[in-house]
1. If a residue has to be closer than 18 Å to V77 by Cβ and either surrounded by fewer than 13 Cβ atoms within 10 Å (Cβ to Cβ) or of a type in the set (S, T, N, Q) (or both) to count, how many in region 105-124 make the cut?
2. If I go through region 161-217 residue by residue, how many of them are in a strand (DSSP E or B) and small (G, A, S)?
3. The conditions are (1) crowded, with 18+ Cβ neighbours inside 10 Å; (2) of a type in the set (A, V, I, L, M, F, W, C); (3) free of Cβ contacts under 8 Å to residues at least 24 places away in the same chain, and A295 fails exactly one of them. Which is it?
4. Out of the residues in region 303-334 that are surrounded by 18 or more Cβ atoms within 10 Å (Cβ to Cβ), of a type in the set (A, V, I, L, M) and assigned to a loop (DSSP other than H, G, I, E, B), state the one that is farthest from the chain's Cα centre (by Cα).
5. Can you tell me which residue is nearest to A329 (Cα to Cα) among those in region 61-91 that are open to solvent by 30 Å² or more (accessible area, probe 1.4 Å) and touching a residue at least 24 places away in the same chain (Cβ under 8 Å)?
6. Hey, any hits in region 38-60 for a residue that's part of a loop (DSSP other than H, G, I, E, B), free of Cβ contacts under 8 Å to residues at least 60 places away in the same chain and either over 21 Å from T128 (Cα atoms) or of a type in the set (A, V, I, L, M) (or both)?
7. Could we say that T46 is more than 25 Å from S154 (Cβ to Cβ), at pLDDT 95 or above and in contact with an Asp or Glu (Cβ under 6 Å, 6 or more places away or on another chain) here?
Amino acid sequence: MRTIISLNEGWSFRKTDSAEVTSVNLPHTWNNIDGQDGGDDYWRGTAVYQKTFAKPELDANGHLFLECKGAAMSVDVLLNGETVCKHEGGYSTFRADLTPCLSDENTLEIRVDNSVNDRVYPQMADFTFYGGLYRDVNLIAVSENHFELVKDGSNGIKVTPKVDLEKKCAAVTIETWQTGGDCVVFTVPAEDGEKCVKAEVKDGYACAELILENVHLWDGVNDPYLYSVTAQLYNGEEVQDKVCTAFGCREFHMDPAQGFFLNGKSYPLRGVSRHQDRINLGNALSLKEHEEDMAVIREIGANTVRLAHYQHAQEFYDLCDQNGIVVWAEIPYI
């Protein structure tokens with residue numbers, strides 16, 4: 001089964017144009033001070049994060065993945081001197097399989113570069129391109145058969161509800177991607193009883209649909225009700241891996257004359273735009289700061305937020321779902 005181990009504590013840090021080595025904890029950015037005055041004179045270059053760790057206990061034929069939830073802007077990951085991953089894009093989660101290079105004692109090196117370049121978006125903008133490991137870093141230990149960890153930086157599960165307002169029901173399509181296993185069992189607790197359905201794994205993919213009668217709608221700030229789904233991956237009679245996610249059932253559309261509609265009713269959108277940074281912290285925010293930002297958004301009476309100009313932390317999208325906030329999401333193409 002899956003085990004998640006935080007690697008946020010106890011990294012050594014060095015800019016490549018300096019011999020000075022300091023100790024840092026994550027989330028971390030090296031531009032939290034020099035990047036906050038708007039002068040476009042902050043340090044941009046390559047820095048090295050290094051950490052040692054003992055090989056965690058793994059199942060027979062199990063795998064160990066590194067998870068970086070945000071590293072800006074380009075990254076090279078080395079384990080025991082061997083390159084295991086390269087990633088370009090400062091705002092997206094990525095993972096790498098460390099298993100082939102694992103030893104009993106390991107040295108992990110992550111080289112992060114926010115230099116000016118001609119290949120990674122955004123190329124130019126009116127905000128700071130902070131450098132660093134500015135979101136959480138984890139190890140994820142899984143069995144040989146496990147839900148996909150590399151595809152798109154997702155957790156291997158996708159839920160798509162389609163609401164029928166007249167019939168007061170929702171057809172919920174659940175998809176998973178996995179390595180190995182022969183079937184997936186999906187479970188959704190509901191007010192009229194637990195829904196359970198099984199899907200066969202074919203070529204690493206499984207899909208099922210279930211119907212939620214008398215569906216409890218996600219209705220913005222008035223009633224941000226969320227369902228949850230658990231997916232269990234089986235190989236024979238044994239559960240190999242498990243993932244969970246929350247989802248809301250809602251219908252929305254835009255009318256060119258009357259604006260935004262939610263669940264068949266006019267729902268005027270009034271809100272704010274948000275960047276993922278703070279004074280003296282830069283973009284190295286913890287859940288505490290995300291929650292504080294959400295509290296301010298709710299306090300002023302907003303019901304929508306524009307998350308400019310890139311993927312924000314997953315924790316903040318989750319807070320929007322939980323608080324009934326309609327999200328305008330963007331990618332870092334400017």
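1. 5
2. Summing the residues that are in a strand (DSSP E or B) and small (G, A, S) in region 161-217 gives 5.
3. (1)
4. Going through the qualifying residues, I end up with I325.
5. Filtering region 61-91 for residues that are open to solvent by 30 Å² or more (accessible area, probe 1.4 Å) and touching a residue at least 24 places away in the same chain (Cβ under 8 Å), the one nearest to A329 (Cα to Cα) comes out as K69.
6. The answer is yes; a qualifying residue exists.
7. yes
The values are calculated or read from the model by the stated rules, or taken from the named source; none is laboratory data. Worth saying up front: this structure is predicted, and the values here are computed from it rather than measured. Cβ sites come from the backbone with ideal geometry, for glycine too, and all protein chains shown count toward neighbours. Protein only, heavy atoms only, side chains kept; ligands, DNA and RNA dropped before computing areas. Shrake-Rupley method; radii C 1.70, N 1.55, O 1.52, S 1.80 Å.
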